[in-house]
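Notes for the one structure printed next.
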Amino acid sequence: MLLVTVTLWALNFSVSKYILDHGFTPLTYSATRYGVAAFIFVGIVLAWEGTLRVHRRDLAIVAGAVALLLTNQLSFVFALDLSTATTVALLFGTLPIFTALIARLVGVEQLGNRFWIAAALSFGGVVLVTAGSDGGLSGNLLGNVLAVLGAATWGGYSVAIAPLMQRYSPFRLSAIFLFSVFVALLVLASAQLGEQEWDLGPRVWALFAFATLGPLVVTNLLWFTAIDQVGPSRAALFANLQPFLAAIIALVLLSEELTMLQVAGGLAIAGGIVFSRRSQPPGEPT
C-alpha cells in the first residue's frame with residue numbers, strides 16, 4: 001500500500017504538468033479536481049461515519065489547516081505551470097526538513113545540531129536545483145519559489161492536523177479539508193472557469209480522472225490504512241522516496257532535461273533527509 005501510494009503521488013507531478021500544458025488553466029484544474037475528490041470523500045465518510053461534525057473548539061485549527069492546504073495547492077499547480085515537473089519534484093524533497101522546522105517553531109519537537117547541519121545541506125540542494133533549472137537562477141524563479149512554498153505549506157499542514165488526528169478519523173478530516181479547499185478554489189477560479197475550453201480530448205480527460213481518483217482519493221485511503229498497520233516511521237521512509245521517484249518519472253514520460261547541478265542538488269536534499277533522521281524506539285511519536 002505504501003509503495004502504491006508513493007508511486008501515485010510521484011506520477012501526479014508528470015500527469016498534472018501534462019494536463020496544464022494541454023489546455024487546462026491552473027485554477028480551473030485545481031478547482032475541478034478538488035471538487036470531484038471532495039464529493040467522493042464526503043459520500044464515503046457520510047456512508048461510514050454518518051457525520052462530518054467537528055467540535056467548536058477545533059474550528060480555529062481546521063481553518064488554519066484549510067488555509068495551509070489551499071496555499072499548498074495553489075503553490076503546487078502554479079509551480080508546475082511555470083517550471084518543470086522534474087524541478088518541482090526535487091524541490092518538494094525538502095518537505096521532511098520543513099515539517100521538522102515547523103514542528104520546532106510550534107514547540108512540538110526539539111532539534112539538535114545534527115538537524116541544523118542536515119537543514120543547511122538540504123537548502124543548499126535547493127539552491128543547486130534552482131541554479132540548474134532552465135535559465136539558471138533567473139529562469140522559472142517564481143515557479144521554483146512556489147515549489148519550495150508548496151513543500152513548506154504541506155509541512156505546516158502536516159503539523160497543524162496532528163492534534164485533530166487524535167480526535168477524528170483521517171477520512172473525516174480529508175473530506176472536510178478537500179471540500180473546504182474546493183469551495184475556496186471555486187471562488188478563486190471563477191474567471192478562469194468562464195474562459196476554460198472544455199474540449200480537451202480523451203487523453204487529457206483520462207489523465208484528469210487519474211489525477212483525481214489516484215493521488216487525491218485512493219492515496220488517502222491507502223496511506224492512513226498503511227500507517228495504521230506498519231507505523232509512521234516506516235511510512236515516512238517510503239514518503240521520502242516520492243520526490244526523487246517523481247523526478248525520474250518526469251524525465252522518462254515528459255522527456256525533461258536534468259542538469260548535473262540538479263542531480264547534485266537532489267543528492268544534497270536526499271542527504272539532508274537521511275542525515276536528519278534520528279534513531280528512536282518503535283512507536284515513539286515524532
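The values are calculated or read from the model by the stated rules, or taken from the named source; none is laboratory data. No experiment lies behind these values; they were computed from the predicted model shown. No Cβ is skipped: glycine too gets one built from the backbone with ideal geometry, and neighbour counts run over all protein chains shown.
Can you go through LEU69, LEU52 and tell me which one is closer than 22 Å to TYR34 by Cα and either outside any helix (DSSP H, G or I) or without any contact (Cβ under 8 Å) to a residue 60 or more places away in the chain (or both)?
LEU52
Quick check on my filter: what residues within the range 34-68 are of a type in the set (A, V, I, L, M, F, W, C) and either within 17 Å of ALA211 (Cα to Cα) or touching an Asp or Glu at 6+ places or on another chain (Cβ under 9 Å) (or both)?
Once the filter is applied, which keeps residues that are of a type in the set (A, V, I, L, M, F, W, C) and either within 17 Å of ALA211 (Cα to Cα) or touching an Asp or Glu at 6+ places or on another chain (Cβ under 9 Å) (or both), the range 34-68 yields VAL36, ALA37, ALA38, PHE39, ILE40, PHE41.
Select, from GLY150, GLY135, GLY143, the only residue that is at pLDDT 80 or above and over 30 Å from ALA226 (Cβ atoms).
From the options GLY150, GLY135, GLY143, the qualifying one is GLY143.
Restricting attention to helices (runs of 4 or more DSSP H) lying wholly within the range 158-205, give those where 1 or more residues are buried (at least 18 other Cβ atoms within 10 Å of the Cβ).
On the way: elements: 162-165, 170-188, 190-195.
Of the helices (runs of 4 or more DSSP H) lying wholly inside the range 158-205, those with at least 1 residues that are buried (at least 18 other Cβ atoms within 10 Å of the Cβ) span 162-165, 170-188.
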